[in-house]
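The values are calculated or read from the model by the stated rules, or taken from the named source; none is laboratory data. Small disclaimer: the values here were computed from a predicted structure and weren't measured. Here the Cβ positions follow ideal geometry from the backbone for every residue, glycine too, while neighbour counts run over all protein chains shown. Note: accessible area is taken over every heavy atom of the protein model, side chains too, but ligands, DNA and RNA are not part of it. Shrake-Rupley method; radii C 1.70, N 1.55, O 1.52, S 1.80 Å.
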Amino acid sequence: MSGFHWLTHMLVCALLSVSGMVCAAPPIEDYIKPSKVEVGSLQISPDGAHLSWIVPREDRSHLVVYNRAREVISAEVGLEAGQYVHAYWWVSNSRLVLTISERKGNEETPSITGELWAIDADGSNGKYLIGENENRAATFVLEPTADADNSILVGVMGWSYSGEVPYLRLARMNINSGRLKESGGRLPVRYVDTVLSDSTGQARVVSGDTADRDNLLLYRDPADGQWRTVNDSRNSERLLFPLAFAGSDTRIYVAVSEAGKPDYLATLDLSTGKETVLFKPENADIGGVQLTADGRDAYAVRNYDGDGRGGFAFWNKTAPEAILHKELFARFPGELVEITGFTRDGNLAVVFVHSDLNPGKYYLYSRAQRSLTLLTAIRPAIRPELAASVEPLVFKTGDGLQIHAWLTLPNTPAAGGKHPLVVLPHGGPYGTVDRWGFDPEAQLLASRGYAVLQVNFRGSGGYGQSFVDAGLHEWGGKMQSDLSDGVRAALAAHPIDPGRICIYGASYGAYAALMAVATEPGLYRCAIGYSGVYDLRLMRSQGDINDTAWGRSYLSEIMPDDKDWLAARSPTGKAGSIKSPVLLIHGGKDERTPPKHAKAMRDALTKAGNPPQWIYKDNEGHGFFDTANALEAYTAILDFLDANIGVKAAK
């Protein structure tokens, strides 16, 4: 933590004390309740007349449309309990199309249903356009800009009775009636990742995986309408991910993933196959590109090099959007600035500003007036001056691999000068990455005086495909030791109490937590497992990952189908070695990690003479979705930490 931020915190608390207020830790609800506006959801209509955003609520979400001239809410789509606005699009100046997701009992987050609704910006002409209940199919928006016939490009997926993912068929859908017209046949890849449409609204590029998890990039030749393979990772041993068109219908931006390198940015000429490198990072994968106002080109790419806090690499530095973006960065030093949307004429831009201390604020920028107007804060109850700073930590593992981690440092002094530490391994685990920014869970823990360590152990995303592959078959092995190496690096670099360290995680993170106290009991005082995997034999045979050929191929790739190996790497088989206190939290309708995992872990610990603290909710799935249940879980987590490594333990 910087001395300046610590001093700011102390001054704020002093001022509050003078005014008769107490500088107490914010309530748990400030971190876990739905945000005021869903991150990534605030948009502006193509003509700039309206703003729109998604309002999350405990058991549903709403879509709100705001008339800027009249300064009133002009439309609102309110859904039933258990229904959520998954995504929405301005398909014209005055009409929006939205897709719905529903929360089923077995899920942490809602799943898209393939239903489409539409409404005018003034609240009229609301219509249920299409959905699986009426058409026995799910429909997905591929290109949202309506043509002269008021139709948009969609993909239609028929019902599957086998559990396998069906192929998408291309169609045009009328935005007023929902009527479908076949247009373009079937996409040539089953597990579609990205579809890019050209300037005429036709699907021109598609990428995705085969059942064997080989990645394909295909281009539809306008001359004969045939799909041609541009890249097949099985043969080329490299992956090309399409990002956007590059100012032409025959040229695209691609993220290139090759062994031994972080993913880099290139342009690809679809007619000749020629690649031109635009930006090669040194140690971290690129992110997405920033689009120009017309959406047909880009001017910058997200760059995580350096200390990893993130920024952008600009290649088209004279583009008006690039000049504006740099001006905005200068207005918000130390924060990340993203331009998330433009009006069609490029005069108005929606700007999102965020950092490790700031959960995020939306602004509206006017080029004509050169003005920046605050629209809303994501979490108004969070005061950035009281939040905890997040610092990078880079270290080498025992076998010489460089690892990047983040350490959230409390902004209050610790008793004895050293803070207790919570290690927070992410779920996934493959391809998932912890980034610099405001993490509500880490900030909640830091507000109670805990330093929080988030390690991007091998297998994590963000640092090249070879780094991901280094985690294959390393459950309970080097992925595990990376966490402990991170703890030792944090102890060497920061004032942390080595006798007060606990590890807490969800899903894979819960697996890592229980394996940590089983394999390194002298390092960790306690463990918390939330919706965890505890028996790898169960994972190989049960759970929804096994429902598709892709999922079964994934399991075969990440761990061997060897019962002895799986048993040896399972926390349930090591319960006798776990002497530390354990808290287990699980949902009764979890299909990703079925309740058998938690019950087997509980029973094994009890049999070993170390019964865990137990929180089990019949109506929850992979993570607790209900706010009351989440509040109970986090209250128990904080009480558990306090008793084992917090104030109570220190006494």
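Assorted remarks:
- Of the set (1) under 30 Å from GLY131 (Cα atoms); (2) open to solvent by 50 Å² or more (accessible area, probe 1.4 Å); (3) without any contact (Cβ under 8 Å) to a residue 24 or more places away in the chain, all apply to ARG190 but (3).
- Boolean, THR318 is at pLDDT below 95 and hydroxyl-bearing (Ser, Thr, Tyr): yes
- Filtered residue count, the range 456-484, keeping only those that are open to solvent by less than 10 Å² (accessible area, probe 1.4 Å) and of a type in the set (A, V, I, L, M, F, W, C): 4
- Single unsatisfied condition, TYR554 versus (1) surrounded by 24 or more Cβ atoms within 10 Å (Cβ to Cβ); (2) over 22 Å from LEU584 (Cβ atoms); (3) at pLDDT below 95: (1)
- Taken over the range 308-332, the criterion of being in contact (Cβ under 8 Å) with a residue 60 or more places away in the chain and closer than 19 Å to LEU278 by Cα is satisfied by GLY310 alone.
- Taken together, the residues in the range 356-377 that are touching a residue at least 60 places away in the same chain (Cβ under 8 Å) and buried (at least 20 other Cβ atoms within 10 Å of the Cβ) amount to 6.
- Test: GLU80 is open to solvent by 20 Å² or more (accessible area, probe 1.4 Å), outside any strand (DSSP E or B) and not polar (S, T, N, Q): yes
- Selected residue (criterion: nearest to ARG370 (Cα to Cα)) from residues of the range 322-337 that are open to solvent by less than 70 Å² (accessible area, probe 1.4 Å) and in contact with a Leu (Cβ under 8 Å, 6 or more places away or on another chain): LEU328
- Of all the numbered requirements in (1) within 16 Å of the chain's Cα centre (by Cα); (2) open to solvent by less than 20 Å² (accessible area, probe 1.4 Å), VAL422 misses one, and that requirement is (1).
- Just one residue in the set LYS648, LYS596 is open to solvent by 50 Å² or more (accessible area, probe 1.4 Å), modelled with pLDDT under 95, under 30 Å from LYS418 (Cα atoms) and part of a helix (DSSP H, G or I); that residue is LYS648.
- Condition met for SER233 (closer than 30 Å to GLU391 by Cβ, of a type in the set (Ser, Thr, Tyr) and either open to solvent by less than 20 Å² (accessible area, probe 1.4 Å) or without any contact (Cβ under 8 Å) to a residue 24 or more places away in the chain (or both)): no
- Filter pass, GLY208 being in a strand (DSSP E or B) and closer than 22 Å to ILE558 by Cβ: yes
- Considered as a group, the residues in the range 241-253 that are in a strand (DSSP E or B) and free of Cβ contacts under 8 Å to residues at least 24 places away in the same chain include one that is most open to solvent (accessible area, probe 1.4 Å), and that residue is ARG251.
- For the range 193-228, filtered to residues that are more than 13 Å from ASP249 (Cα to Cα) and among the polar types (S, T, N, Q), the residue that is most open to solvent (accessible area, probe 1.4 Å) is GLN226.
- Evaluated against (1) in a loop (DSSP other than H, G, I, E, B); (2) at pLDDT below 95, GLU385 falls short on exactly one condition, (1).
- Screening TYR616 with (1) open to solvent by 20 Å² or more (accessible area, probe 1.4 Å); (2) closer than 22 Å to VAL422 by Cβ; (3) at pLDDT 90 or above gives one miss only, at (2).
- Leading residue by the ranking (nearest to ALA313 (Cα to Cα)) among those in the range 269-297 that are free of Cβ contacts under 8 Å to residues at least 40 places away in the same chain, open to solvent by 70 Å² or more (accessible area, probe 1.4 Å) and not acidic (Asp, Glu): LYS280
- Considering only residues in the range 172-187 that are in contact (Cβ under 8 Å) with a residue 24 or more places away in the chain and outside any strand (DSSP E or B), the one that is farthest from ASP120 (Cα to Cα) turns out to be LEU187.
- Any hit, the range 511-522, residues being buried (at least 21 other Cβ atoms within 10 Å of the Cβ) and over 30 Å from LYS418 (Cβ atoms): no
- Residue within the range 427-440 that is closer than 26 Å to GLY522 by Cα and among the charged types (D, E, K, R) present: no
- Unique residue being acidic (Asp, Glu) and within 17 Å of GLY476 (Cβ to Cβ) when the list is GLU557, GLU632, GLU620: GLU557
- Test result for ALA69, closer than 18 Å to ASP47 by Cβ, at pLDDT 95 or above, surrounded by fewer than 17 Cβ atoms within 10 Å (Cβ to Cβ) and of a type in the set (A, V, I, L, M, F, W, C): yes
- Yes/no for LEU393 being within 28 Å of GLY477 (Cα to Cα), open to solvent by 10 Å² or more (accessible area, probe 1.4 Å) and assigned to a strand (DSSP E or B): yes
- Screening the candidates ASP59, ASP47 for the property of being in a loop (DSSP other than H, G, I, E, B) and in contact with a Gly (Cβ under 7 Å, 6 or more places away or on another chain) yields one hit, ASP59.
- Scanning the range 220-237 turns up no residue that is in a loop (DSSP other than H, G, I, E, B), in contact with a helix residue (DSSP H, G or I) (Cβ under 9 Å, 6 or more places away or on another chain) and of a type outside the set (Ser, Thr, Tyr).
- Within the range 425-455, the set of residues being open to solvent by less than 20 Å² (accessible area, probe 1.4 Å) and at positive phi comprises GLY437, GLY449.
- Which numbered condition HIS50 fails, given (1) in contact with a strand residue (DSSP E or B) (Cβ under 8 Å, 6 or more places away or on another chain); (2) under 27 Å from THR292 (Cβ atoms); (3) without any contact (Cβ under 8 Å) to a residue 60 or more places away in the chain: (3)
- Tabulated pairs, the range 473-490, first touching a residue at least 24 places away in the same chain (Cβ under 8 Å) and on the phi > 0 side of the Ramachandran plot, second in a helix (DSSP H, G or I) and of a type in the set (A, V, I, L, M, F, W, C), C-beta under 7 angstrom, 6+ apart or interchain: GLY476/MET515
- Residue in the range 158-171 that is modelled with pLDDT under 95, surrounded by 15 or more Cβ atoms within 10 Å (Cβ to Cβ), assigned to a loop (DSSP other than H, G, I, E, B) and hydrophobic (A, V, I, L, M, F, W, C) present: yes
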